[in-house]
Amino acid sequence: MSKTFTKSMARNIFYGGSLFFMLLFAALVFDSESSLPDTDNRQAITEEVALGKLVWEQNNCIGCHSLLGEGAYFAPELGNVYTRFGNSTEAIKAFIASRPKEGIPGRRSMPQFNLSEKDLNAVAEFLKYSSGIKNSNWPPNIQG
Amino acid sequence: MQYQSQAVAKPYFIAAIGLFVGQILFGLIMGLQYVIGDFLFPEIPFNVARMVHTNLLIVWILFGFMGAAYYLVPEESECELYSPKLALLMFWVFLIAGALTILGYLLVPYATLAEMTGNSLLPTMGREFLEQPTITKIGIVIVALAFLFNLGMTMLKGRKTVITLVLFIGLVGLAVFFLFSFFNPDNLVRDKLYWWFVVHLWVEGVWELILGAILAFVLIKTTGVDREVIEKWLYVIIALALITGIIGTGHHFFWIGLPGYWQWWGSIFSALEPLPFFMMTVFAFNMVNQRRRNHPNQAAVLWALGTSVMAFLGAGVWGFMHTLAPVNYYTHGTQITAAHGHMAFYGAYAMIVLTIISYAMPMLRGRKAANSGKSQILEMWSFWLMTVSMVFITLFLTAAGVLQVYTQRYTDNPQPFMAVQERLELFYWMREAAGVVFLIGLIIYIISFFAGSNEPEQA
Ligand code: HEM
Ligand code: HEM
Ligand SMILES: [Fe+2]
């Protein structure tokens, strides 16, 4: 690197640049927060949906599935499973409840979680809520 | 070894390597489950293997970072570590907490683990990479605070160098951003928004400072190039890293319910993120070319150069491939993401830890500067086996990803996820085969510590 560009110049760019972009980032996040109510489907977050999120987390569904494209890539995307299953929470519940305990021979298998009726309802409602988030029309099609 | 207290780095490095082996074994289990769906089901479901794989990865990298800090801070500061006892105590706390957590994943259903550890009081579990019980997370924070205190006190009493300063800023950032893992709102969009403050601002933010500092340290030691020159490079690299990487977080905000302007901010800034990685490659090769001495530890030099190249390929090239919003629309959450995640994590963070271990371990084991020639040759073999097989893992996953995108997304006639996965079987088998070669490389790596250990040092 050239001699006219000194170490202290480099240091100042580091501190100044980092600070500037940290503040800019904070401002953008702040602005995002204020426009979230338009997109994040918060009116649908009932107590049941909140419980559903907890059920989702405490069974580590994200360890096989992706949700809005984030998570694991072993099993189908679930951000839009509500629409894929014909806008039916019943179909989602039936699917989860009917997983065979020993799996399906040779096929990638989903565990039988033995969820209570309440938890099962809640997680299905949570997936319904997720499908209502306005996320720039992702995924590209119904298959996720 | 110039200071007695540097010796505390040794258990950290040994633990890192041990956990690395565990990580790879669980990777291979998952690789098989990808093609033989019911392998080990229901004893070890895929999600459990995945938690073990990724959490072991993070923990062994953290052990590596801590070992690196305990080794290089006394040497840079030219004084003994403030408290070697505290460092050793924290080693055991971290190791036991980590081991208990992994055992928890394997021995009881995750929901039971959540219940046992009182997750509903402060729910933080069940999110990717942050699966640890809340109490483990609190433990991690305590270990991190004790570690930073110990380093900080050492740095205060000794010589202040750019390398220790940058390393310290990186480590403080690591601890600070981890605090966002305790924030888990019911609102899924906000949950995801702040989750990335941990994940992205780690690997494409503060961890790059740690990476740069360790690389700079090893290059100073092995090439003898003037410290002034190296420090200037280091500042430029980390400045670029943060200037591009902070706003670059936006490349994760395209499809999770955040405002559309992130497609611009995220695409533009993250497209520049390869720059600091490219600078790192130029830096490493330049310094080695301008070397004032030939260091006897040629394996360490190979690791250092390899890190700079593989980090650029994995993070820079494979990251750029899917970072523009119109591309990411199709590749988001596919095997392309997995391909990039593997090469980037291995190339940048696994390899930098292996670099500092390669450099420091001979001294920690009582040698003057380097291992015997025989040991170094084995180590170089392991370097090539692991690195080349990781390149193949990445290529096979990329091929699988491209096909997945074509058949499931970029088409008028999209196929269901599970049907597409079946068609990718061949690529998953090849990934698994490459993974086995990786494991062989890792075994040879471990053998290299024992082979030729009573032969004289390479001159
Ligand atoms: C050598 C054999 C390996 C195999 C067979 C393997 C296999 C896997 C599999 C199947 C997954 C889960 C993908 C999914 O969610 O569907 C995964 C995730 C992951 N592995 Fe590996 N792995 C190996 C080595 C490594 C190494 C050496 C590293 C890094 C140093 C690594 C880092 C990761 C990371 C970061 C993830 C999460 C990726 C993401 O979320 O996109 N793995 N691995
Ligand atoms: C050493 C540095 C890096 C590491 C360790 C790393 C690792 C990862 C991992 C593990 C993921 C998957 C996260 C998940 O599970 O959802 C990911 C995602 C991603 N990374 Fe990186 N990365 C690095 C640098 C970069 C850079 C420099 C770029 C851009 C040029 C980039 C672009 C992306 C993008 C766009 C995604 C999202 C993929 C998706 O939409 O599914 N990464 N990275
Ligand atoms: Fe990122």
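The values are calculated or read from the model by the stated rules, or taken from the named source; none is laboratory data. All of these numbers come straight from a predicted model, not from anything done at the bench. A quick note on method: Cβ atoms are made from the backbone with ideal geometry, for glycine too, and the neighbour counts reach across all protein chains shown. To get the accessible areas, we keep the full protein, side chains included, count just its heavy atoms, and leave off ligands, DNA and RNA. Shrake-Rupley method; radii C 1.70, N 1.55, O 1.52, S 1.80 Å.
Taken residue by residue and averaged, Cβ atoms of other chains lying within 10 Å of the Cβ of B:37-45 number 5. The Cβ shell under 14 Å around A:Ser34 holds other residues with a net charge of -2, Lys and Arg each +1, Asp and Glu each -1.
The spacing between the stretch B:382-427 and the stretch B:145-169, judged by their C-alpha centroids, is 44 Å.
Remark: spin-label model distance A:Lys118-B:Val437 equals 5.5 nm, labels positioned 7 Å along the Cα→Cβ axis. Got a sec? Which residues of the stretch B:388-416 lose 40 Å² or more of accessible surface with every protein chain in place, vs. that chain alone, 1.4 Å probe? So the qualifying set is B:Arg409, B:Pro414. Under the simplified labelling scheme, the B:Met418-B:Val93 pair shows an inter-label distance of 4.7 nm, with each label point 7 Å from Cα along Cα→Cβ. Applying the criteria of a DSSP loop state and at most 16 other Cβ atoms within 10 Å to the GluC sites (Glu not before Pro) of the stretch B:107-162 yields no site.
Compared with the rule-of-thumb size 2.2 N^0.38 Å for a compact globular protein, chain B has a Cα radius of gyration ratio of 0.96. In the stretch A:13-53, comparing the full protein assembly with the chain on its own, the residues that lose 50 Å² or more of accessible surface at a 1.4 Å probe are A:Phe14, A:Phe21, A:Phe25, A:Leu28, A:Val29, A:Ser32, A:Glu33, A:Leu36, A:Lys53.
Compute the length gained on full extension between B:Val141 and B:Arg227: take 0.36 nm times their separation in residues and subtract their Cα-Cα distance, giving the result in nm to one decimal. Write down the numbers at each step before the final one.
On the way: separation 86, 0.36 × 86 = 30.96 nm, distance 3.33 nm.
Extra length available between B:Val141 and B:Arg227 comes to 27.6 nm.
For the stretch B:1-62 versus the stretch B:230-302, the spacing of their alpha-carbon centroids is 26 Å. For chain A, the relative contact order is 29 percent, taking Cα pairs closer than 8 Å that sit 6 or more residues apart in sequence and dividing their mean separation by the residue count. Take each residue in B:119-126, count the other chain C-beta atoms within 10 Å of its C-beta, and the mean is 3. How large, in percent, is the carbon and sulfur part of the accessible surface of chain B at a probe radius of 1.4 Å? Taking all protein chains in place, chain B shows 71 percent carbon and sulfur surface.
Applying a DSSP loop filter and a limit of 12 other Cβ atoms within 10 Å to the trypsin sites (Lys or Arg not before Pro) in the stretch B:282-338 leaves B:Arg292, B:Arg293.
Built from the Cα atoms of the stretch A:47-131, the convex hull projects on average onto 5.2 nm², one quarter of its surface area.
Per atom type, the stretch A:47-131 shows carbon and sulfur on 54% of its accessible surface, probed at 1.4 Å. Pairs of Cα atoms nearer than 8 Å and 6+ residues apart set the relative contact order; for chain B it is 14 percent.
Could you state the accessible area per residue of chain B in Å², with a 1.4 Å probe and every protein chain left in place?
Working: 16070 Å² over 459 residues.
Accessible surface, normalised per residue, equals 35 Å².
Legend: helices of chain B (whole DSSP H runs) are marked when their alpha-carbon atoms reach 15 angstrom or more along the helix axis and their mean Kyte-Doolittle hydropathy is at least 1.6; marked are B:84-107, B:134-157, B:162-178, B:207-223, B:351-364, B:425-450. Label sites at A:Ala91 and B:Trp384, each approximated as a point 7 angstrom past Cα along Cα to Cβ, lie 5.5 nm apart. Prolate is the label for the protein assembly as shown, because a/c, from the alpha-carbon gyration tensor with a ≥ b ≥ c as root eigenvalues, is 1.5 or above and a/b exceeds b/c.
The B-A contact accounts for roughly 6800 square angstrom of buried accessible surface, both chains included, probe 1.4 angstrom. For chain A, the longest principal axis of the C-alpha atoms and the axis of helix A:117-131 are separated by about 50°.
Accessible surface area normalised per residue over chain A is 47 Å², counting heavy atoms of protein chains with a 1.4 Å rolling probe. The spacing between the stretch A:12-67 and the stretch A:118-136, judged by their C-alpha centroids, is 16 Å. Note on the stretch B:208-274: Cα-only Rg and Dmax are 16.1, 51 Å.
Counting other Cβ atoms within 10 Å of each Cβ, which chymotrypsin sites (Phe, Trp or Tyr not before Pro) in the stretch B:178-208 have at most 16 and sit in a DSSP loop?
Details: sites: B:Phe178, B:Phe180, B:Phe182, B:Phe183, B:Tyr194, B:Trp195, B:Trp196, B:Phe197, B:Trp202, B:Trp207; in loops: B:Phe183.
Hits after loop and neighbour filter: B:Phe183.
Cα-Cα pairs above 21 Å in the stretch B:1-77: how many percent? If you can, show how the numbers build up before the last one.
Details: 1245 of 2926 pairs.
For the stretch B:1-77, the share of Cα pairs beyond 21 Å comes to 43 percent.
Normalised by 2.2 N^0.38 Å, where N is the number of residues, the C-alpha radius of gyration of chain A stands at 1.50.
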